[in-house]
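Novice: My questions will all concern the structure given below.
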Amino acid sequence: MNADAYDAIVYDLDGTLVDLPVDWDAVTSDVLDVYRAADVDPPTSSLWSLLASAPDVGLAAEVEATIAGHEREGARRSTRLAHADDLERRAEHVPVGVCSLNCEAACRIALEEHALASAVDAVVGRDTVETRKPHPGPLLAVIDGLESVPSRTLFIGDSPRDEETAKRAGARFQYVDGQ
């Protein structure tokens, strides 16, 4: 797939442009502590299900803040991956964005840490819009911010969730490893 044939390119962040060293087991444990501290029985032990359930029990802000704190720290310690160079090259020719399941602040920190922020025209994180990947809303918000349309946009990511997001948004998709 020739990425030069698109009007805009959108990248996932973690696992695509950078590697965020986040201990997700520790994050889950801290989120479970938020539930326990509020004297609320956690409905599950799955981190993303805990996040989804948090608004129902009045813990949305605390749970989001807990997860985001770990992500911001991971962004500060992140390592740059090969596709970051790809982003810089492509940004010279087309608008470039980032669409991530990480919080927006962590995305921006990682982009700054790796001198990529000036090459990125739009960033949407988990907390930027009302929905999260694989819902198409976050990707569509980035595409809109890039003044493109889904059919003329390529989304590059590292997971089936990214692929599903692109499909639902009507954008083309490419795995970071080119498959």
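The values are calculated or read from the model by the stated rules, or taken from the named source; none is laboratory data. As the structure is a computational prediction, the values presented were derived from the model and not from experiment. Because the Cβ atoms are built from the backbone with ideal geometry, glycine has one as well, and the counts that use them run over all protein chains shown.
Novice: Kindly indicate which of Asp56, Asp85 is in a helix (DSSP H, G or I), free of Cβ contacts under 8 Å to residues at least 60 places away in the same chain, in the same structural domain as Ile143 (by TED's automatic domain parsing) and over 21 Å from Ala141 (Cα atoms). Walk me through how you get there before you give the answer.
Specialist: Numbers: Asp56 fails: in the same structural domain as Ile143 (by TED's automatic domain parsing).
Step by step, each of Asp56, Asp85 is checked, and only Asp85 is in a helix (DSSP H, G or I), free of Cβ contacts under 8 Å to residues at least 60 places away in the same chain, in the same structural domain as Ile143 (by TED's automatic domain parsing) and over 21 Å from Ala141 (Cα atoms).
Novice: From the list Ala110, Ala105, exactly one residue is aliphatic (A, V, I, L, M), out of contact with any strand residue (DSSP E or B) (no Cβ under 8 Å at 6 or more places or on another chain), outside the structural domain of Ala60 (by TED's automatic domain parsing) and modelled with pLDDT of 95 or more. Which is it? Full working, then the answer.
Specialist: Values: Ala110 fails: out of contact with any strand residue (DSSP E or B) (no Cβ under 8 Å at 6 or more places or on another chain).
So the residue among Ala110, Ala105 that is aliphatic (A, V, I, L, M), out of contact with any strand residue (DSSP E or B) (no Cβ under 8 Å at 6 or more places or on another chain), outside the structural domain of Ala60 (by TED's automatic domain parsing) and modelled with pLDDT of 95 or more is Ala105.
Novice: Could you tell me which of the residues Val142, Val123 is of a type in the set (Val, Ile, Thr), crowded, with 19+ Cβ neighbours inside 10 Å and under 10 Å from the mean Cα position of the chain (by Cα)?
Specialist: Result of the check over Val142, Val123: Val123.
Novice: Is it the case, given these coordinates, that His135 is surrounded by fewer than 20 Cβ atoms within 10 Å (Cβ to Cβ) and under 25 Å from Arg77 (Cβ atoms)? Outline the logic, then answer.
Specialist: Numbers: surrounded by fewer than 20 Cβ atoms within 10 Å (Cβ to Cβ): yes; under 25 Å from Arg77 (Cβ atoms): no.
Criteria not met by His135.
Novice: Say whether the condition of being touching a residue at least 60 places away in the same chain (Cβ under 8 Å), surrounded by 17 or more Cβ atoms within 10 Å (Cβ to Cβ) and charged (D, E, K, R) is met by at least one residue in region 94-108.
Specialist: No: zero hits.
Novice: Follow-up question, since we're still on this one. Of all the residues that make up region 59-82, how many are outside any helix (DSSP H, G or I), over 15 Å from the mean Cα position of the chain (by Cα) and not hydrophobic (A, V, I, L, M, F, W, C)?
Specialist: Number satisfying all stated conditions: 3.
Novice: Within region 107-125, which residues are within 16 Å of Gly145 (Cα to Cα) and not hydrophobic (A, V, I, L, M, F, W, C)?
Specialist: Listed by number, the residues that qualify are Arg108, Ser118, Asp121, Gly125.
Novice: May I pose another question? Which residues, counting only those in region 112-132, are assigned to a loop (DSSP other than H, G, I, E, B), of a type in the set (D, E, K, R) and closer than 22 Å to Glu73 by Cβ? Give the steps one after another, and end with the answer.
Specialist: So in region 112-132, the residues assigned to a loop (DSSP other than H, G, I, E, B) come out as 114-116, 120-121, 125-132.
Those still in the list that are of a type in the set (D, E, K, R) too: 121, 126-127, 130, 132.
Result: Arg126, Asp127, Arg132.
Novice: Can you say whether Val27 is surrounded by 13 or more Cβ atoms within 10 Å (Cβ to Cβ), assigned to a helix (DSSP H, G or I) and in contact (Cβ under 8 Å) with a residue 40 or more places away in the chain, as far as the supplied structure shows? Steps first, answer last, please.
Specialist: Numbers: surrounded by 13 or more Cβ atoms within 10 Å (Cβ to Cβ): yes; assigned to a helix (DSSP H, G or I): yes; in contact (Cβ under 8 Å) with a residue 40 or more places away in the chain: yes.
Yes, satisfied.
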